[in-house]
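Derivation of every value follows stated rules applied to the coordinates shown; laboratory data play no part. All values derive from a computational prediction rather than experimental measurement. All Cβ positions, glycine included, derive from the backbone under ideal geometry; neighbour counts span all protein chains shown.
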Amino acid sequence: MIAEKKKFLAKFVIVLVSVCLLPSILFSAIRIGYYDNYPLTFNDNGKPKGLFIDALRKSGILSSYDVEFIFGEFADLMQQLNKGYIDMVVCVAHTPEREKLYSFNKEPVLMNWGVLVSFKTLSDISELDGKAVAVNRGDIYYQKFLEIAQSFDVRPNYVGFDTYESVIKAVNDGIAIAGVVSRLSYLVNSSKYPRVRATSLVFSPVQLKFAIRKGSEIDNKDVLEKIDKTIALMKSSGELDDLFNSYFRTKVNRKTLGLRTYMIFIFAGIYITSILIFKNMLEVQKQRYEQALELNKQALAQQVIDETRGIYTYGIGTEILKKYIELSKRENHLLGVVCVEFEGKTCEQEKEKLEKILNEETKMGDFVIHIAGPTYAIVLYEYGVFFAEHFRRRIVDLITNEGLMCNVYVGFVKYNINSDSTAESLIYEALAEMEKEKDFWKRVKE
């Protein structure tokens, strides 16, 4: 009798322990590190925000697991990841060196690259020898710039900071003669620190992904697979573009407005809206429907954006072009847009080869926007590095060498800093020039 009671008690303890452990089995805990790198990842009043957090939330990871977010400095977070204190870090540059230590998801959220910024004109990297250069501790671009400087036997005095914005601020305040940051962080903070300018030295394009320590508890689970599927769907549907663009839209802080001013804005807005809404509604809706229809056609046929080849969608591309326009005005840099269209059945089948050719014909710092179908826009910042007039001839030669049967039409427009041209109007003007060339060659053939 006593033996049976002991057996019953043992079984009861086992069941009780199993029930207690059930929540941890169903909802495994994941500690995720994030840092300040707006708009990709940042802290908003103690809450994680940014494009990478949006992707995590969309993937269902946050609801399927017991997630604890750890906010900190990037270098410190990577050390915690190495030691196993945290399981994942968001927004990590995928490099061959890091691939030995971490498991990355396959689908990049975004492409980024490094840029040297300064408050004065630098004609040669040797001017940095012995001078203070601000860097972000543990940053991949800092490591790459260190290699570049060493190759030129240039030895700056590196001053470490915890964020890209701190680096840019240090340059703006004269603490350092130059700074190493990501191109996106400079675009985000360029208006905030007007003394700082981007130099022509850009380097190290990288894919930004999610990183998990190899051998960790979640390394062999389907976490990265879920993230990849989610990112691919967000790209194809245009949702990733919309989220990216939303971080660049100006938001009015209503707390800073007095009640009277606030009411004036409200009534003025209602009055103006009531006058214009019926006049503009049909036209606006028509444009949106046409754009959505065109994008959806492309999304159904293929993945809209492919950062592995540096091709941006129209939404993301125009947002970056807007920042380029601001920089061109402020720094008096040359800026141009080339639109190119490939015509022929072979072109549709060999899309990857064509996009590879486009990327090879652009220098670091320029980028390619996929408009629709076989039509692309290439944004040339400081485009004097090569002559846009010879662009079509060069593209035709490369296509011929690849054995592709394609007609190529090109339109080019220069940005006038004294004009009111927008990103959209620049692309439209380049498209119009391209259509002129297309009509000309078709008339010649007739």
Checklist entry - Does the range 20-163 classify as rounded, prolate or oblate by the C-alpha gyration tensor (a ≥ b ≥ c root eigenvalues; a/c under 1.5 gives rounded; else a/b over b/c gives prolate, otherwise oblate)? => result prolate
Checklist outcome for this item: Here the range 75-83 yields Karplus 3J(HN,Hα) values (6.51, -1.76, 1.60; θ = phi - 60°; whole Hz; Gly and Pro given as x) of 4, 5, 5, 5, 5, 5, 5, 4, 7
Checklist entry - R57 to T121: extension gain in nm, 0.36 nm per residue of separation minus the Cα-Cα distance? => result 18.7 nm
Item to check | Pairwise label distance in nanometres, E239 with A29, each label 7 Å out on the Cα-Cβ vector | outcome: 3.0 nm
Checklist outcome for this item: Phi angles of the range 52-66, converted by Karplus (6.51 cos²θ - 1.76 cosθ + 1.60, θ = phi - 60°) into ³J(HN,Hα) in whole Hz with x for Gly and Pro, give 5, 5, 4, 5, 4, 5, 5, 6, x, 4, 5, 9, 8, 10, 7
Next on the checklist: For a quick check: with amide H placed at 1.01 Å from N, whose amide H comes under 5 Å from L110's, ignoring anything fewer than 5 positions away on the same chain?
Outcome noted: L208
Checklist entry - Within a Cβ distance under 11 Å of K169, other residues only, what is the Lys/Arg minus Asp/Glu net charge? => result 0
Next on the checklist: Could you derive backbone 3J(HN,Hα) for the range 152-162 from the dihedral phi with the Karplus parameters 6.51, -1.76 and 1.60 (θ = phi - 60°), listing whole Hz in sequence and x where the residue is Gly or Pro?
Outcome noted: 9, 6, 9, 10, x, 8, 7, 10, x, 9, 8
Checklist entry - All other residues with a Cβ under 11 Å from the Cβ of K49 taken together, and with Lys, Arg as +1 and Asp, Glu as -1, what is their net charge? => result -1
Checklist entry - Going from the alpha-carbon gyration tensor of the range 134-198, what semi-axes, largest first and in whole Å, does one get by taking the root of 5 times each eigenvalue? => result 20, 12, 10
Checklist entry - Does the range 28-100 come out rounded, prolate or oblate, given a ≥ b ≥ c as the square roots of the eigenvalues of its C-alpha gyration tensor, rounded meaning a/c under 1.5 and, failing that, prolate meaning a/b above b/c? => result rounded
Item to check | Summed residue charge, Cβ within 12 Å of R195's Cβ, Lys/Arg positive, Asp/Glu negative | outcome: +3
